[in-house]
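Below: one structure, written as structure tokens.
None of the figures in this text is laboratory data; all of them are computed from the coordinates on show. The model shown is predicted, which means the values in this text are computed figures rather than measured ones. Positions of Cβ are generated from backbone atoms using ideal geometry, with glycine treated the same way; all protein chains shown enter the neighbour counts.
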Amino acid sequence: MKVHIRLNLYIVAALFLLWGVALFMGPEEVQPLLSKGPYDPAVTGMFGASLFAFALLFLMAALNPTKALIHASVIALGLLSLVAIFQMFISSAMPQNPATFFSLLINFSIGLILFFSVLQSSTPSPTGTRAVSRSRVRTTRRAQASRRTKATKASRPAGKAAGRKKVAKKTSRKTKKKAGTRRKRR
């Protein structure tokens, strides 16, 4: 699942990097693909910078897929897709050309894929390994200790009680403990 998430994040990072670099290199040529309004170098430059920043966010999330970065990527893709759908189909401020339509389709589909993959599986922890609870470690230690004591009891000779007094079978636990401590003192 980790490879699946990384691949989708690399694809989106490449798409946003392409749009960001295009808006930096040729803003006058690319701006008509994104807007029906007049060319404004400040807005176009800021939009290119924000797309470049999104590309860096997705690249960071792909290199180190922590839960927080993946959630931030899903939220960013979702919000950007919703705004693009509104601008393209409802307010008609964004032209419907193949470049914007396929970019929107890729953004929206990868956003949905990442959203459902976050819901379905547990994402990798920040350390990259699965954390083990303390109770499980204790249980394992207890199980190992009981195995050791069973093995040592089985390996003792049959005459181990030679020289020791046997405790009566119907004694309580407290009596057995006291008898055990008496043996140790001798």
Could you check region 1-43 and list, in sequence order, the residues that are more than 24 Å from residue 111 (Cβ to Cβ) and surrounded by 16 or more Cβ atoms within 10 Å (Cβ to Cβ)? 27, 31
Please tell me if residue 106 is out of contact with any Lys or Arg (no Cβ under 9 Å at 6 or more places or on another chain), among the β-branched types (Val, Ile, Thr) and surrounded by fewer than 16 Cβ atoms within 10 Å (Cβ to Cβ). no
Taking the conditions exactly as written (farther than 29 Å from residue 117 by Cβ, surrounded by fewer than 17 Cβ atoms within 10 Å (Cβ to Cβ) and small (Gly, Ala, Ser)), does residue 68 satisfy them or not? no
List, please: which pairs have Cβ atoms under 7 Å, are six or more places apart or on different chains, and start with a residue in region 35-64 that is without any contact (Cβ under 8 Å) to a residue 12 or more places away in the chain and end with one that is of a type outside the set (D, E, K, R)? 60/69
